[in-house]
Structure formats: structure tokens, C-alpha cells
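Student: One structure, as C-alpha cells, below. Some questions next.
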Amino acid sequence: MIQQFLRLARLLDRLTLALASLAGATLVLMVLVNVVLRYGFGTGSIKMQDLASYAFAVFLILAVPLCHARAGHVRVEVLSERLPPAYLRRADALAWALFLTPVFGLILWAGWGDIAFSWSIGEGSTTPGGLGGLYLVKTALPVAAALMIIQGLAALFEKRGA
């Protein structure tokens, strides 16, 4: 059962990496196009600016679970490198139970109503003439919160087996 969960966590991580990479590439392309249009041709596109903003938001939000899945979290290395691995595993388990799960669970719980409303009205850009689909961007936050909980639990299972 644990091995199946770890396979699911790795699959979700690969999917998250692909989406974040796509968002990052879209961001770079849209910024480049907007700069060329504005300074090269004296014109621009509100929709392309919105797409750059959307891509930035998704990229930034998905970077959090990606970083966690790769053990990129912050830890005081001067202390942790001197502590035994068993202590670090217990500290990580405690941090997952007391911090990571409650905080990201709260994000899921508290944001659910806003996301549901955003989907129900098909929320779009706040900029006149802007791009639709803001509800999709807003959905990235609870998805990233769920991924953080899954990646945290996967990290605990992997350390337990190590």
C-alpha cells in the first residue's frame, strides 16, 4: 500500500513538474512577446499580459510542492548536519503533523468556497478586455496545497524505509 502511494506521489510530482515547466516557458515567451510588441512595434496585448500573469501565478504556486518533493525545504544546516538521522526523521514527522498538514489543510478548507464561486461564474480577468479562465489559475492554490500534504507524507514514508 505504501509503495503504491509513493508511486502516486512520484507520478503527481512529474505531472506538477510538467505543468510548472509549461507555465515557466509560457511566462518567458509572453514577457518576450510583450516586450517586443511594446518597444519594437509600439503596441501590446492585454490578453498576453494576463497570460504572463496567469503563468507566473501557476509557476510560483506549483514551485512550492516541487521544492518540497526534492527536499528543498529550509533547515538550519549548521545544526541539522550534526543531528542523528533518527532525530531528523522524528522532527520531520512532527513538522508534517503539526505544521505542514494543518496549514495546507486550512488553505484547502478556507479557500474552497472562493474556488467554487469562481468556477460557478466562470471568473475571468479583472482587466477590461483581459483573458478569461482566472478560475483555473485560482484552482492551482488548493491543488498545490493538496500536493504539499501528499509530498510531505511521501517524504515521511521514504525516510522511514531508508
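The values are calculated or read from the model by the stated rules, or taken from the named source; none is laboratory data. Here the structure is a predicted model, which is why all the values come from computation and not from measurement. Cβ atoms come from the backbone with ideal geometry, glycine included; neighbour counts cover every protein chain shown. Accessible surface is based on the protein model in full, side chains and every heavy atom, while ligands, DNA and RNA are left aside. Shrake-Rupley method; radii C 1.70, N 1.55, O 1.52, S 1.80 Å.
Student: From the phi angles alone, apply the Karplus equation (6.51, -1.76, 1.60; θ = phi - 60°) to the range 127-137 and give each ³J(HN,Hα) in whole Hz, x where the residue is Gly or Pro.
Tutor: So the J values, rounded to whole Hz, are 7, x, x, x, 7, x, x, 4, 4, 5, 5.
Student: With a 1.4 Å probe and every protein chain left in place, work out the accessible area per residue of the chain in Å², rounded to a whole number. Present the calculation step by step, with values, prior to reporting the outcome.
Tutor: Details: 10270 Å² over 162 residues.
Each residue of the chain exposes 63 Å² on average to a 1.4 Å probe.
Student: Sort largest first and round to whole Å: the equivalent ellipsoid semi-axes of the range 97-162, each the square root of five times a Cα gyration tensor eigenvalue. Working shown, then result.
Tutor: Working: eigenvalues 209, 30, 11 Å².
Taking √(5λ) for each eigenvalue gives 32, 12, 8 Å, largest first.
Student: Could you give the length gained by full extension between Ala116 and Arg90, i.e. 0.36 nm per residue of separation minus their alpha carbon distance, to one decimal place?
Tutor: Values: separation 26, 0.36 × 26 = 9.36 nm, distance 3.71 nm.
In short, 5.7 nm is gained.
Student: So, one more: Against the globular-protein guess of 2.2 N^0.38 Å, express the Cα radius of gyration of the range 1-126 as a ratio, rounded to two decimals. Let's see the in-between values first.
Tutor: Working: Rg = 19.9 Å, N = 126, 2.2 N^0.38 = 13.8 Å.
In units of the globular-protein estimate, the range 1-126 measures up at 1.44.
Student: Something else: Starting from a Cα-only point model with no solvent, please compute log10 I(q)/I(0) by Debye for the range 1-47 at q = 0.15, 0.17 1/Å.
Tutor: -0.55, -0.60
Student: Further question on the same structure: Could you tell me the center-to-center distance, by alpha carbons, between the range 116-154 and the range 24-51 in angstrom?
Tutor: Cα centres, the range 116-154 to the range 24-51: 23 Å.
Student: With each run of n ≥ 4 DSSP H residues scored as -39500 (n - 2.57), what mean residue ellipticity at 222 nm is computed for the chain after dividing by its residue count and rounding to the nearest 500 deg cm²/dmol? Mind dumping the intermediate values first?
Tutor: Values: 6 runs with 122 residues, N = 162.
That comes out to -26000 deg cm²/dmol.
Student: Would you mind working out the magnitude of the charge dipole of the chain relative to its Cα centre, with +1 at each Lys and Arg C-beta and -1 at each Asp and Glu C-beta, to the nearest 20 Debye?
Tutor: On the way: 13 positive and 8 negative charges, 90 e Å.
Approximately 440 debye in magnitude.
Student: Rg and Dmax of the range 74-127 over Cα atoms: what are they, in angstrom?
Tutor: Just the Cα atoms of the range 74-127 yield Rg and Dmax of 18.9, 54 Å.
Student: Follow-up question, since we're still on this one. Roughly speaking, to the nearest percent, how much of the range 1-89's 1.4 Å accessible area is carbon and sulfur?
Tutor: Numbers: 4300 of 6050 Å².
Of all accessible area on the range 1-89, carbon and sulfur atoms account for 71 percent.
Student: Among Leu11, Leu108, Leu79, which one shows the biggest mean-square fluctuation in a GNM of the chain, springs joining Cα atoms closer than 10 Å?
Tutor: Evaluated over the chain, the most mobile residue of the options is Leu79.
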